[in-house]
Ligand code: SAH
């Protein structure tokens, strides 16, 4: 199992580097994207102080000050330094304790700017990508937001810092349960988690001001478009399984029309239609 996790991480890291290169080719300001991401990916070893502190603790969440310092450094270099400017997103990234969403064995890398395994073959997304998607969704205080792909619950917590209500759907029951418990422990009482296939969205709670999809389907699910308010934005990676995807912003401009904008190349785990056997 451990070997599998390591392998997953390596594959993800390779993908993240490739992703950074692809973003660098497609983005108007290549220097920011090209320099910041690979340097974090190439050095997956946490700052010395953080490692030492964690190793010395008997409980995994022992030294909150060290985690806070690591988080501040990550926000400065990997979020602001990579071009995120929305103050509400930056504040949320500074507030949410990512280390509480990361399995204990990966704690020392909780504030590295790359994805990490969370079990069941899934990952917690790279912080920069979480910030990018949140910024692109242009979410505001009074919004109702749907997330497809709860995973660890981290992206849901970032949204919950900014918006009124978050609904999040996860196809793997064990992950949905764990994320719900984490979010509850941290006091995010404006997030509701559901165990289901997110292809169908969450019709009873819609329509939504924004929808974030954090796994990659090979087409845009029509039920999700239907659950966007007019003026609502969906951020979704679309592309072939095992390849690169394009991150799209789909804005519902009227009852009948959508506008799509290409936000660049990314790599996400696949959008599945059935709960995988574990
Ligand atoms: N947003 C997550 C990252 C999750 S990775 C976080 O912040 O940690 C993508 C997640 O999407 C995985 O947990 C995967 O199980 C889930 N997923 C894949 N296909 C899905 C589907 N059809 N419906 C709901 N969740 C799905």
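Bear in mind that the values in this text are calculations on the coordinates, not laboratory data. This structure is a prediction, so every number in the text was calculated from the model and none was measured. We place every Cβ from the backbone using ideal geometry, glycine too, and count neighbours over all the protein chains shown.
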Next item on the list: Take the stretch 104-167, compute every pairwise Cα distance, and split them into 10 Å bins from 0; I just need the percent in each bin.
Entry: 21, 51, 25, 4
Check: For the stretch 189-278, what does the alpha-carbon gyration tensor say about shape, rounded, prolate or oblate, given a ≥ b ≥ c as the root eigenvalues, a/c under 1.5 as rounded, and a/b over b/c as prolate?
Finding: oblate
Checklist line | Zone of residue 241's modelled label, taken as backbone nitrogen in the stretch 213-232 under 12 Å from a point 7 Å along Cα→Cβ | finding: 216-218
Item checked: Added length on full extension, which subtracts the Cα-Cα distance from 0.36 nm per residue, residue 190 to residue 91 -> 33.9 nm
Check: Got the relative contact order for the stretch 34-266 handy, in percent, Cα pairs under 8 Å and 6 or more residues apart?
Finding: 13
Check: For the stretch 34-266, what proportion of DSSP beta bridges, expressed in % and rounded to the nearest 5, is antiparallel?
Finding: 50
Note to self: Let me check the size of the stretch 34-266 from its C-alpha atoms; what are the radius of gyration and Dmax in Å?
What the structure shows: 17.2, 59
Margin query: Going by average Cβ density within 10 Å per residue, which order do the peptides 145-152, 86-93 take, highest to lowest?
Written below: 145-152, 86-93
Next item on the list: Would you please state the base-10 log of I(q)/I(0) at q = 0.15, 0.17, 0.18 1/Å for the stretch 126-221, with intensities from the Debye formula using one equal scatterer on every alpha carbon?
Entry: -0.51, -0.67, -0.75
Check: In what sequence, highest mean first, do 241-247, 109-115, 197-203 appear when ranked by Cβ atoms within 10 angstrom?
Finding: 109-115, 197-203, 241-247
Margin query: If I model a spin label at residue 120 and residue 226 as a point 7 Å from the Cα along the Cα→Cβ vector, what separation in nanometres do I get?
Written below: 2.6
